[in-house]
Amino acid sequence: MFIITNTNRLIGDYGVETDFYVAYVTQAKEFLKGNLIIDQFRGPVYQIFLAATGFFFKYDFYLAGKFLNVLCASLSLFFISKLVNSIFNREGALITVLFVSVNQVFWRYTYEPGTDMLFLVFYTSSVFFLLKEDNLNYKNLLFAGIFTGLAYLTRYTGISLILFALLIIFRNFTIQILLKIFLKEIFF
């Protein structure tokens, strides 16, 4: 995927968010100087990841952004596969990953640097840990919380995960409480 990405659009032309050059790259450079800039419309996580990736690509932030997106797209497909497999089965997971991976919008956001793929990997991983098992345990809840926080600090629309997590927690504890009451009524 990274090879295809680098043979297509060698420079950042149309389609690349203006925010990428105006905000993300500028803030990533500032982060490498020791300054964390948080603006009012987005969290700082993408810029931090872009700075770390840009450091390894000799400060070619466009190439670093494309690499970061390809990596995040791959991880997103992994978590989508695991999520669908845990809910349905392996065949459903394979079909879902194939549909997502050939989706034109998915491909576009894979080779255009921006926050989309990093947000997607955090979002899908959070949902995966919330729905991984029927009984939500503390380890999965911890990982879901970490990824929810990272999603929110990447894009503020990640706040929807907090509501989703609360609904899942409420559902799990309500079922457990009702089961205890039911068993207590039957056996005692």
Could you run through the stretch 161-172 and say how many residues are surrounded by 13 or more Cβ atoms within 10 Å (Cβ to Cβ) and out of contact with any Phe, Trp or Tyr (no Cβ under 7 Å at 6 or more places or on another chain)? 6
I'd like the residue in the stretch 109-146 that is more than 8 Å from the chain's Cα centre (by Cα) and of a type in the set (S, T, N, Q) and, out of all such residues, is surrounded by the most Cβ atoms within 10 Å (Cβ to Cβ). THR115
Quick one: in the stretch 17-48, which of the residues that are within 19 Å of PHE122 (Cα to Cα) and buried (at least 21 other Cβ atoms within 10 Å of the Cβ) is modelled with the lowest pLDDT? TYR24
Cβ contacts < 6 Å: first residue on the phi < 0 side of the Ramachandran plot, restricted to the stretch 131-148; second residue assigned to a loop (DSSP other than H, G, I, E, B) and buried (at least 17 other Cβ atoms within 10 Å of the Cβ), any location; separation 6+ or different chain. Result? ASN140/LYS132
Taking GLY114, is it at pLDDT below 95, within 18 Å of LEU150 (Cα to Cα) and part of a helix (DSSP H, G or I)? no
Is it the case that the stretch 78-98 has a residue that's assigned to a helix (DSSP H, G or I) and within 21 Å of GLY43 (Cβ to Cβ)? yes
When restricted to ILE146, ILE169, the only residue part of a helix (DSSP H, G or I) and over 28 Å from GLN27 (Cβ atoms) is ILE169
Report, ordered by the first and then the second residue, all pairs with beta carbons closer than 6 Å, sequence separation of six or more or different chains, a first member in the stretch 55-66 that is within 13 Å of TYR111 (Cα to Cα), and a second member that is surrounded by fewer than 18 Cβ atoms within 10 Å (Cβ to Cβ). LEU63/PHE57; ALA64/PHE57
When you go through (1) under 18 Å from PHE106 (Cα atoms); (2) modelled with pLDDT under 95; (3) buried (at least 18 other Cβ atoms within 10 Å of the Cβ); (4) aliphatic (A, V, I, L, M) one by one for ILE80, which number turns out not to apply? (2)
Checklist (1) among the β-branched types (Val, Ile, Thr); (2) touching a residue at least 24 places away in the same chain (Cβ under 8 Å); (3) surrounded by 20 or more Cβ atoms within 10 Å (Cβ to Cβ) applied to VAL70, failing item: (3)
Could you say whether any residue in the stretch 88-95 is within 15 Å of the chain's Cα centre (by Cα) and either free of Cβ contacts under 8 Å to residues at least 60 places away in the same chain or surrounded by fewer than 18 Cβ atoms within 10 Å (Cβ to Cβ) (or both)? no
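The values are calculated or read from the model by the stated rules, or taken from the named source; none is laboratory data. Just so you know, these numbers come straight off a predicted model, no measurement behind them. Cβ: placed from backbone, ideal geometry, glycine included. Neighbour counts: every protein chain shown.
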